[in-house]
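Please read the structure below before turning to the comments.
Rule-based calculations on the coordinates, nothing more; no lab input. A quick note: this is a predicted structure, and the numbers were derived from the prediction, not measured. Don't worry about glycine lacking a Cβ; one is built from the backbone with ideal geometry, like all the others, and counts go over all protein chains shown.
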Amino acid sequence: MNTTDIDDLVHTIIGCGVEVHKALGSGFDKEIYKACLAREFTLQDIEFVQNQDIDIVYKDQVVGERSVDFVVEDIIMLEIMTIDKLTDAHRIQAIHSCEVFEIANGLLMNFGAGTLDCKRVYNKKMM
């Protein structure tokens, strides 16, 4: 997929988030927003995997597990938040998720504020 196609998909994902936020507003549990986004992705014919897990390996031993809310079209990692404000710490955590999952593009979507807040992140190791 070329850069323009990826950008178009990111805009479509954000549009799905806007649609969910317009319908629900803020104040619901993260799982409600995830369920609504999954429904919206299905209606938009967007392929996704929800609650994707990967083992974290250190010196040939599994030491933990990392999970992301969505992997969309196998090329975009999407994390859902329901907090007051996204911070640099959230952005850094999303970048690490992109690195662990070997995905170049990521998106943070926060439903906790009065308006939907989205931040795009990149795995610079893959660029």
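Taking square-rooted eigenvalues a ≥ b ≥ c of the alpha carbon gyration tensor, is region 35-120 rounded, prolate or oblate, where a/c under 1.5 means rounded and, failing that, a/b exceeding b/c means prolate?
The shape class here is oblate.
DSSP beta bridges in the chain, what fraction antiparallel, as a percent rounded to 5?
75
Give the peptides 68-74, 20-26 in descending order of average Cβ contacts within 10 Å, highest first.
68-74, 20-26
How many lysine pairs does the chain hold where the Cα atoms are under 16 Å apart and the two sit 8 or more places apart or on different chains?
4
Under 11 Å from the Cβ of Arg120, count the other residues' Cβ atoms, weight Lys and Arg +1, Asp and Glu -1, and hand me the total.
In short, +1.
Given 0.36 nm per residue, what is the gain on full extension from Ser67 to Val100 after removing their alpha carbon distance, in nm?
Contour length minus the Cα-Cα distance gives 10.9 nm.
When you count, for each residue, the other Cβ atoms within 10 Å and take the mean per peptide, how do 31-38, 107-114 rank with the highest first?
107-114, 31-38
Near the amide H of Phe111, under 5 Å away, which other amide H atoms are found, from residues 5 or more places off or on another chain, if H is placed in the peptide plane?
Met81, Thr82, Ile83
Tally Lys/Arg at +1 and Asp/Glu at -1 over every other residue whose Cβ is under 13 Å from the Cβ of Val100; what's the total?
Surrounding charge for Val100 is -4.
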